[in-house]
Protein chains: 2
Amino acid sequence: MTGILGASASSSSAGSSSAPVHGKFVHVVFFWLKNPDDQAERKQFENNLNNFISGIDYIRSSHVGTAAGTNRTVVDNSYTYCLIVSFDNKDDHDAYQEHALHQKFVTDSEALWERVQVYDSIVV
Amino acid sequence: MTGILGASASSSSAGSSSAPVHGKFVHVVFFWLKNPDDQAERKQFENNLNNFISGIDYIRSSHVGTAAGTNRTVVDNSYTYCLIVSFDNKDDHDAYQEHALHQKFVTDSEALWERVQVYDSIVV
């Protein structure tokens, strides 16, 4: 199953190609680390993130990033890391939540964060 | 340019394929409509969203969704719509912000929302 809704390709002067994010269900997570200036803790957290998402087959697409530093009043730049993972459907998301690698990520990483904020979105 | 970081394909019993979200820069927007139960206003807003993103070539991938109804303490389900668009880089995002179709979307739609929350994330 591929994504349903998105920007259709149109004639492009920029030459970019546009496509839906794969999967109908998108899971967006923001992490605020306790020590966002500690480079060793950042590296550990990044490794933990990258290691676990690479092992979970339910994930259709992923993004691991950090605040981009855009400065507008509507933008929250206070978080340390952003994880976006998409799934074909809610069942796959639910299986991801229970997956041993995801559970291990939480166990290995939860001491590093002080806050987690999640938004789950399903294609309209 | 394609995405850099993501879940690598691994042997899969589920048969899913995993890939990075296209582009290094991801722009995540949550909208709280003034009248989230008004079906006409919802439809108008969805149309406005879909019409404008389909015309902007800078967008590499997109998702338009609504709260998935996952009920966990860390999940914010209060928003009405989620827009995720990704770009190759910050310059393309900045051009998107200034794009006439994006400006028209804001003009046509801002009366419908009471709150907008943005998170911009760049691949680490």
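Here is a check on your reading of the model: is B:ASN71 more than 29 Å from A:TYR96 (Cα to Cα), out of contact with any strand residue (DSSP E or B) (no Cβ under 9 Å at 6 or more places or on another chain), open to solvent by 70 Å² or more (accessible area, probe 1.4 Å) and modelled with pLDDT under 95?
Answer is no for this residue.
So which residues in region B:74-83 are open to solvent by 30 Å² or more (accessible area, probe 1.4 Å) and of a type in the set (S, T, N, Q)?
Residues satisfying the conditions are B:ASN77, B:SER78.
Is it the case that region B:84-92 has a residue that's among the basic types (Lys, Arg) and open to solvent by less than 50 Å² (accessible area, probe 1.4 Å)?
No, the conditions are met nowhere in region B:84-92.
Which of the residues spanning region A:112-124 are over 23 Å from B:CYS82 (Cβ atoms) and either polar (S, T, N, Q) or assigned to a strand (DSSP E or B) (or both)?
A:GLU114
Kindly establish whether A:SER8 is surrounded by fewer than 14 Cβ atoms within 10 Å (Cβ to Cβ), within 8 Å of another protein chain (Cβ to nearest Cβ), farther than 24 Å from B:CYS82 by Cβ and at pLDDT below 95.
No; evaluated as a whole, the condition is false for this residue.
When you go through (1) in contact with a helix residue (DSSP H, G or I) (Cβ under 9 Å, 6 or more places away or on another chain); (2) within 30 Å of A:ASP57 (Cα to Cα); (3) of a type outside the set (Ser, Thr, Tyr) one by one for B:ALA19, which number turns out not to apply?
Failing condition for B:ALA19: (1).
Among the residues of region A:96-115 satisfying the criterion of being open to solvent by less than 30 Å² (accessible area, probe 1.4 Å) and in contact with a Phe, Trp or Tyr (Cβ under 7 Å, 6 or more places away or on another chain), which is farthest from A:TYR58 (Cα to Cα)?
Going through the qualifying residues, I end up with A:LEU112.
Could you list all residues from region A:24-60 that are farther than 21 Å from A:ALA100 by Cβ and either at pLDDT below 95 or charged (D, E, K, R) (or both)?
Once the filter is applied, which keeps residues that are farther than 21 Å from A:ALA100 by Cβ and either at pLDDT below 95 or charged (D, E, K, R) (or both), region A:24-60 yields A:LYS24, A:LYS34, A:ASP37, A:ASP38, A:GLU41, A:ARG42, A:LYS43.
Going through region A:43-67 one residue at a time, which ones are open to solvent by less than 20 Å² (accessible area, probe 1.4 Å), touching an Asp or Glu at 6+ places or on another chain (Cβ under 8 Å) and either under 12 Å from B:SER121 (Cβ atoms) or free of Cβ contacts under 8 Å to residues at least 12 places away in the same chain (or both)? Before you say what the answer is, go through the steps one by one.
From region A:43-67, those open to solvent by less than 20 Å² (accessible area, probe 1.4 Å) are A:45, A:49, A:52-53, A:56, A:59-65; that's our starting set.
Next cut, touching an Asp or Glu at 6+ places or on another chain (Cβ under 8 Å) only: A:60, A:64.
Once the filter is applied, which keeps residues that are open to solvent by less than 20 Å² (accessible area, probe 1.4 Å), touching an Asp or Glu at 6+ places or on another chain (Cβ under 8 Å) and either under 12 Å from B:SER121 (Cβ atoms) or free of Cβ contacts under 8 Å to residues at least 12 places away in the same chain (or both), region A:43-67 yields only A:VAL64.
The values are calculated or read from the model by the stated rules, or taken from the named source; none is laboratory data. The model shown is predicted, which means the values in this text are computed figures rather than measured ones. Cβ: placed from backbone, ideal geometry, glycine included. Neighbour counts: every protein chain shown. Keep in mind that these areas ignore ligands, DNA and RNA; they rest on the heavy atoms of the full protein, side chains included. Shrake-Rupley method; radii C 1.70, N 1.55, O 1.52, S 1.80 Å.
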